[in-house]
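The structure under discussion appears below in the form of structure tokens.
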Amino acid sequence: MEEADLSSLFDLTGKVAVVTGGPGIIGTRVCHGLAAFGADVAIVDIDGDAAIALAKDVAAKSGRRAIGIACDIAKPDHVTGMVERVVGDLGGIDGLLNNAAHKPTDYAAYLAPFEEYRIDIWRDVMATNIDGVFLVAQAVGKQMLKQGRGGSIIQTASTYGLVGPDPKIYEGSEYLGIPINSSPVYAASKAAVVGFTKYLATHWGPQGIRVNTLVPGGVESGQNEEFKAKYGARTPLGRMANRDELVGAVVYMMSDASTYMTGQMMVVDGGWTAW
């Protein structure tokens, strides 16, 4: 087997990457990062205006092609149309960050105690966090099979898909001025993403489609100082993550640097799950 040019392992030039939930906290920097390493990027979100605005910014700063697409990933026809648009505009799909997730507008109901949790809130979140992830993976995977050149699918989970929450860190904690807690449906949906990823990795492995999971720890994004202090005290590295610290993991899993990695979890959590 011919040895690879090690200097180009992370080069994404010539590849097309799709990022769902692109304008989000993590997605925004990942889109910029993928383009910085040479990829053309399709930025997908239910908020089409935000996706288009981010695409313009990514293209201006990187010189790569970037498009924004409005898509409700919980709707099969939206997902089919999104894939057709990406292929029509950018020529194919080589990578996917299956990243979109949902929080209901009724935030109090979303964070309600488990004993009082409403089934309509549960189903509303699952429609995006699981059904939507399934629909996007299915549609993109079918496109990759059609192309016949493999690909890389990365699905975003969470440390709370691996371990239970520590309720002590939520006492007196707020996010953008709103009291916060952990949500049972969030944990259940993210654990399902991990299992679903392993299934797809074994299902598509023979066709060269790799499927892995990004498992982020808590990212600074508007939490109050009390929460950040408690979270940091519970984490070996002593702090929450900066969202830029997740970009390298995505670039690695999307690139040729990880061609023998599939069915795995890339846990970027400051050591949270180490104890």
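The values are calculated or read from the model by the stated rules, or taken from the named source; none is laboratory data. Since the model is a prediction, treat every value here as computed from it, not as a measurement. In this analysis, Cβ positions are derived from the backbone assuming ideal geometry, glycine residues included, and neighbour counts consider all displayed protein chains. SASA here: full protein model, heavy atoms, side chains in, ligands and nucleic acids out. Shrake-Rupley method; radii C 1.70, N 1.55, O 1.52, S 1.80 Å.
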Query raised in the report: How many percent of DSSP beta bridges within the range 1-97 run antiparallel, rounded to 5?
Result: 0
Requested in this report: Mind checking the full-extension length gain between Trp275 and Arg149? Use 0.36 nm per residue of separation minus the Cα-Cα distance, one decimal, nm.
Outcome: 41.4 nm
Query raised in the report: In the chain, what % of DSSP beta bridges are antiparallel (nearest 5)?
Result: 10
Report task. Work out the FRET efficiency for Met261 and Ala233 from their Cβ-Cβ distance, taking R0 = 30 Å, and round it to the nearest 0.05. Result -> 0.40
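Which of rounded, prolate or oblate describes the range 40-109 when judged by the alpha-carbon gyration tensor and an a/c cut-off of 1.5? Spell out each step's value before the answer.
Values: a/c = 2.39, a/b = 1.47, b/c = 1.63.
Oblate is the answer for the range 40-109, as a/c is 1.5 or above yet b/c matches or exceeds a/b.
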Query raised in the report: Rolling a 1.4 angstrom probe over the protein heavy atoms, how many square angstrom per residue are accessible across the chain?
Result: 46
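What order do you get for 183-195, 79-91 when each peptide is scored by the mean count of other beta carbon atoms within 10 Å, highest first? Could you put the intermediate results ahead of the total?
Numbers: 183-195: 19.4, 79-91: 17.2.
My ranking of the peptides, most packed first, is 183-195, 79-91.
Using only the Cα atoms of the chain, build the gyration tensor, take square roots of its eigenvalues as a ≥ b ≥ c, and label the shape rounded, prolate or oblate: rounded if a/c is under 1.5, else prolate if a/b is larger than b/c, else oblate. Could the numbers behind the result be given before it?
Numbers: a/c = 1.62, a/b = 1.45, b/c = 1.12.
Here the chain falls in the prolate category.
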Report summary line: Toy charge model, Lys and Arg Cβ at +1, Asp and Glu Cβ at -1: the chain dipole around Cα centroid in debye, rounded to 20, equals 340
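Counting only DSSP beta bridges with both residues in the range 123-275, what percent are antiparallel, rounded to the nearest 5? Don't skip to the answer; put the middle values down first.
On the way: 3 of 14 bridges.
Roughly 20 percent of the DSSP beta bridges within the range 123-275 come out antiparallel.
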Query raised in the report: Just from its helices, what would the mean residue ellipticity at 222 nm be for the chain, if runs of 4 or more DSSP H residues each count -39500 (n - 2.57) and the sum is divided by every residue, rounded to the nearest 500 deg cm²/dmol?
Result: -12000 deg cm²/dmol
Query raised in the report: ³J(HN,Hα) across the range 111-122 via Karplus (A = 6.51, B = -1.76, C = 1.60, θ = phi - 60°), whole Hz, x for Gly/Pro?
Result: 9, 5, x, 4, 5, 10, 5, 8, 5, 5, 5, 4
Query raised in the report: For the range 232-272, max minus min Cα coordinate along each principal axis, in Å, sorted largest first?
Result: 36, 19, 10
Report summary line: Measuring from the longest principal axis of the C-alpha atoms of the chain, the long axis of helix 76-90 (C-alpha) lies at a number of degrees, nearest 10, equal to 40
Requested in this report: May I ask you to give the percent of accessible area on the chain that is carbon plus sulfur, with a probe radius of 1.4 Å?
Outcome: 55
Report summary line: Charge tally for neighbours of Gly33 with beta carbon under 12 Å away, counting Lys, Arg as +1 and Asp, Glu as -1, is +2
**Report entry** Unit charges on C-beta of K, R, D, E only; dipole of the range 143-262, Debye
**Finding:** 480
Report summary line: Taking 0.36 nm per residue of separation between Asn224 and Lys75 and subtracting their Cα-Cα distance, the length gained on full extension comes to 50.1 nm
Query raised in the report: Say the cut-off is 32 Å between C-alpha atoms; which of Lys15/Lys75; Lys75/Lys228; Lys15/Lys228; Lys103/Lys142 go over it?
Result: Lys75/Lys228; Lys15/Lys228
